[in-house]
Amino acid sequence: MEQVTPRPPNMAFELALLLALATLWGGSYTFIKLGVATIPPITLIAARTAIAGALLLVIMRWRGVAMPADIPTWRRFIFQACLNSVIPWTLIAWGERMVDAGLTTILNSASPIFTFLFTVAITRHEAASPRKLFGVVAGMAGICLIVGVDAFRDLGTGIVAEVAIVVATISYACAAIFSRGFKDLDPMAPAAGSLIAGAVILIPVSLVVDQPWTLSPSTSSLLALLALAVFSTAIAFVIYFRLIQTLGSVGTTAQAYLRVPIGVALSVVFLGEGLSPTAWIGLACVVVGVAAMTIPARKAATA
């Protein structure tokens, strides 16, 4: 009898989605930087979650997907919202007022490391193979080669903001592990549910702290907010929750490595910045690292 080995339905398609997710989230740092120029962090993230959540609800209704109504599931949505949006997005938006977007990208790219460590030490829901450890090391080496040591020149000048971004990174890692509990739902349900829960948490805080009706945001900030909500949040979240189901939490957070070369490429195209001489070597390291953490190992054939 032929042995059937469980594997993702279409690995090439899943890896393409991983690249798309990295691109959408890689652009979010630029959108946030433009947004917080004239919109306070809490209000920016409150609007981001509200717009994206509403958009996903419309798409769900069009697809005929019902939103869960039971209280236990919504408690999980609230907890997921805190881990994956309310805490990290607010901290990153606040931190980017003092920290360069490049350094933010580097600090935030450490989420696969924390996911791997938490998986090994606590949940043990995925095999902590030497290959995945190699992927962590290769990915971080690639990041250092691509960005170069110059990116760390301001390290320490905004230590509180840098620590806040690291905390956001740890929160992302916890969210990736917790997300595996939504495997019984359509990927859009936890995406929309967590965004709505995040908006419910953040909007009252925004009204009290920022009094958004007194603000005068610029056109560039408003356009950045719209792009952040639609592309880097609504669409990205649907992809994210699907990949959690197919690639696992460690594999999905590996897109953090891809965000760095994508972010560098965007800065070259739109900001005229140059790549370091070691960029291509670093990019190769990143690709190898992501492959090691995401592509499932083939079992040896048995007679």
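The values are calculated or read from the model by the stated rules, or taken from the named source; none is laboratory data. Computed from a predicted model, the values in this text were never measured in an experiment. Quick reminder, even Gly has a Cβ in these numbers, built from the backbone with ideal geometry, and neighbours come from all protein chains shown.
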Could you run through region 44-97 and say how many residues are in contact with a Pro (Cβ under 9 Å, 6 or more places away or on another chain) and among the basic types (K, R)?
2
Answer yes or no as to whether V208 is closer than 12 Å to T43 by Cβ and either surrounded by fewer than 21 Cβ atoms within 10 Å (Cβ to Cβ) or touching a residue at least 24 places away in the same chain (Cβ under 8 Å) (or both).
yes
Count of region 56-87 residues which are of a type in the set (S, T, Y) and surrounded by fewer than 16 Cβ atoms within 10 Å (Cβ to Cβ)
0
Complete set of residues in region 77-95 that are in contact with a Gly (Cβ under 7 Å, 6 or more places away or on another chain) and at pLDDT 90 or above:
F77, A81, V86
If we take region 116-230, then helices (runs of 4 or more DSSP H) inside it with 2 or more residues that are among the hydrophobic types (A, V, I, L, M, F, W, C) and modelled with pLDDT of 90 or more are 188-209, 219-229
